[in-house]
Amino acid sequence: MKAARVEVGGKPVGTPANDRSGSRGVNAPVLLSVRNIVKRYGSAVAVDDICLDVREGELLTMLGPSGSGKTTLLMMLAGFVAPTQGEMLFEGANVAPLPPEKRNFGMVFQGYALFPHLSVFDNVAFPLRIRRQPKEVVREKVLSVLKLVHMEAYAERMPKALSGGQQQRVALARAIVFDPKVLLLDEPLGALDRQLRASLQDELKALHRRLGTTFVCVTHDQEEAMSMSDRVVVMREGRIVQIGEPAAIYSRPQTRFVANFLGESNILHAPVVGSEGGKTVIRIAGCRVPVGGATNAAGEACLSIRPEHVAIEYTAPNGGTDDIALEGHVRDVTFVGADYRVHIETEAGPIIARCRTSEQARIPAPGDQVWARCRASAVWRVISD
Amino acid sequence: MNDQPRFAALVAPMLILLGLVYLVPLFGVLLISVTEPQPGLGNYANVLQSPAIGRVALTTARICGITTILSVVIGYVLAYAYVSASAGMRRMMMLFILVPLWTSVLIRTFAWLMILGDNGPVNGVVQSMGFDRLAMMHNELGVVIGMTHYLVPYAMLTILAGMAGIDERLTMASRGLGAGPVMTFLKVYFPLTLPGVFAGTVLVLVLALGFYVTPIILGGGRVVMMGEYISTQILLISRWGIGSVLATLLMLVVLLTIAAAARAVDLRRIFTV
Ligand SMILES: Nc1ncnc2c1ncn2[C@@H]1O[C@H](COP(=O)(O)OP(=O)(O)OP(=O)(O)O)[C@@H](O)[C@H]1O
Ligand SMILES: [Mg+2]
């Protein structure tokens, strides 16, 4: 067990030789295609006209607040919930009418759903035995997949005698042992404590890289989504609000909701005074600043600035350049380890700055007069929703 | 586990009461079995050698066996139907299960007498279809029907308690892993209901062994089970010795059944989960 952990921590399980992640990315073919899927419960709409293409080999995460329809969408992919409307194409064929057992997708349930009357070995062997694989094949595959999730020492245990993290590994092993083309995971790390989550996130990612299987994962934890996924689907009230790579969504959120849901964001409002080169020009703190992002209407622009892009100056910056400086005073300072979170009351509204503890010559104190400075390129216009 | 002494204190008054009203008379019966008419184990020797008592024991075992199997199978089907039904349907089903349970066994047995009798509705239908009358009364068939009807709710409720605790995600997981509905039932659902089935079997068997009213009425004197035989010995022909030996032996069989059951599965698990 110890040696296995070191291996995981030390270097990724998938070595470059068997790392098939090269085939992933924007150009990989579409494996699973969701077309205009709707799910209604009575008059309530759980999933509202969703279209989504899952590409072969990617790790896609559906992220959204509670009740946004993530589980419902995943259950429709798995075949446990019948869509009210719409199609689901898997390798080009409509799978919407197929029962779950005919779809051949692996599935990890919230709470793991290990069979309590079967040992770890028999749990993992279950899908193989159902497929009537010969005994030796079952044994060999089960042991090798248990090894992959570092559970080979627990083969004879009953699920009740395992910790949450160990159960999660067994559930994972059971879902991948029959080489499904798609693995569906509903809050796979939801029930675990923070530290375990972090290490299992890495393991899950390494496993995904090594297997090359397509993973579709549901979570409401934005950190988890960002650290694991190739692409993130942000959902809200049954609809998709944005799809993209984690870094792209983080740095270029389309809406105010996304800016706030993925990480922390300062939202400011400023009048639009024109446009130039596809960018909106706004007026803020007396300067005309061109900003990227949404370009829709004139009038008032809604702007997002990430706290880590805000620096604190104690003297008025000498104008020019394309920096924005907002004068204000410090209201509150919170020490959060690597960073200070500084609440600043500025002329344009309250702003939070995140400053690296190690880079501060002087620690701001409440009442200090400061200038919150950020580059114009760090200001991003979002749709106010 | 640490709470056990405190739980013991809570049940102590109950145990004392049981001891007074139950164990003391039982001990009396045991005493009679070795003292009437003379002291010694003569009664036991007589009982074990008597062919008449052997026949009664065999009848009892046969009827109890058949009744238990029927009750558990029917109870299982009903419990499964219940957990699969909608909420409204469930209320209806529970009503139909509980009302007979609240009705006196005497009334229910007489009702069966009407239904199964030579001029009852069942035979009416049979005859109108051109068949001969069926003999469903004053024979083992009638007794089995009456007893099964009485015992099915016990089997069903015990099995249901187990079924209701099964996480539906387990059956979903099974489907998701490739098992169809039948395989899911056989490999996942049924094994998980086994503790409940076992508990139900023990309960029904133990209850069946002590049946008295139903065999008397529906058996009409031709199907004599142990309960009736004991009562005849004591109340009609005053052979207290033989009667109490049989009562003791019946009690022993019940205790052995429960003990065997306890060995086979962890009873505490069945009754606490
Ligand atoms: N069986 C059902 N009957 C009625 N409404 C349902 C049912 N299942 C889900 N819903 C509704 O559909 C909406 C989406 O639910 P869903 O479980 O998909 O949310 P979620 O995004 O998974 O949330 P969470 O993060 O809390 O798990 C919710 O408003 C929920 O109340
Ligand atoms: Mg959910």
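Bear in mind these aren't lab numbers, they're just calculated from the coordinates by the rules spelled out. Since the model is a prediction, treat every value here as computed from it, not as a measurement. Here the Cβ positions follow ideal geometry from the backbone for every residue, glycine too, while neighbour counts run over all protein chains shown.
In summary, the helical segments of chain B meeting the span-like criteria, namely a full DSSP H run, a Cα extent along the axis of 30 angstrom or more and a mean Kyte-Doolittle hydropathy of at least 1.6, are B:240-264. Using the Cα gyration tensor of segment A:141-203, with a ≥ b ≥ c the square roots of its eigenvalues, what is the shape: rounded (a/c below 1.5), prolate (a/b larger than b/c) or oblate (neither)? Oblate, since a/c reaches 1.5 and b/c is not below a/b.
According to the square roots a ≥ b ≥ c of the eigenvalues of the Cα gyration tensor, what is the shape class of chain B, taking rounded for a/c under 1.5, prolate for a/b larger than b/c otherwise, and oblate for the remainder? The shape class here is oblate. What do you get for the angle between helix A:194-211 and the principal long axis of chain A? Use alpha-carbon atoms, 0 to 90 degrees, nearest ten. Rounded to the nearest ten degrees, it is 60. Taking every alpha-carbon pair under 8 Å whose residues sit at least 6 apart, segment B:123-268 reaches a relative contact order of 27 percent. Across peptide A:123-135, the average count of Cβ atoms from other chains found within 10 Å of a residue's Cβ is 3.
Shielding of peptide B:165-173 by partners, expressed as the average count of other chain Cβ atoms within 10 Å per residue Cβ, is 5. Axis angle, to the nearest 10 degrees, between helix A:164-176 and the longest C-alpha principal axis of chain A: 70 degrees. Ranked by the mean number of other Cβ atoms within 10 Å of their residues, highest first, the peptides A:209-217, A:63-71 come out as A:209-217, A:63-71. Per residue, the Cα convex hull of the protein assembly as shown amounts to 268 Å³. Calculate how many DSSP beta bridges within the protein assembly as shown are antiparallel, expressed in % of all such bridges and rounded to the nearest 5. Antiparallel: roughly 75 percent of the beta bridges in the protein assembly as shown. Helical runs (DSSP H, four residues minimum) scored at -39500 (n - 2.57) apiece and divided by the length of chain B put the mean residue ellipticity at 222 nm at -24500 deg cm²/dmol. The C-alpha radius of gyration of segment A:277-369, expressed as a fraction of 2.2 N^0.38 Å, stands at 1.19. With respect to chain A, whose longest principal axis is taken over its alpha-carbon atoms, helix A:120-130 is tilted by about 70°.
The mean count of C-beta atoms from other chains within 10 Å of the C-beta of residues in A:109-115, rounded to a whole number, is 5. Where only DSSP H runs of four or more residues are counted, chain A gives -7000 deg cm²/dmol as its mean residue ellipticity at 222 nm, each run worth -39500 (n - 2.57). Using C-alpha pairs under 8 Å with a sequence gap of at least 6, the mean separation divided by the residue count of chain B gives a relative contact order of 28 percent.
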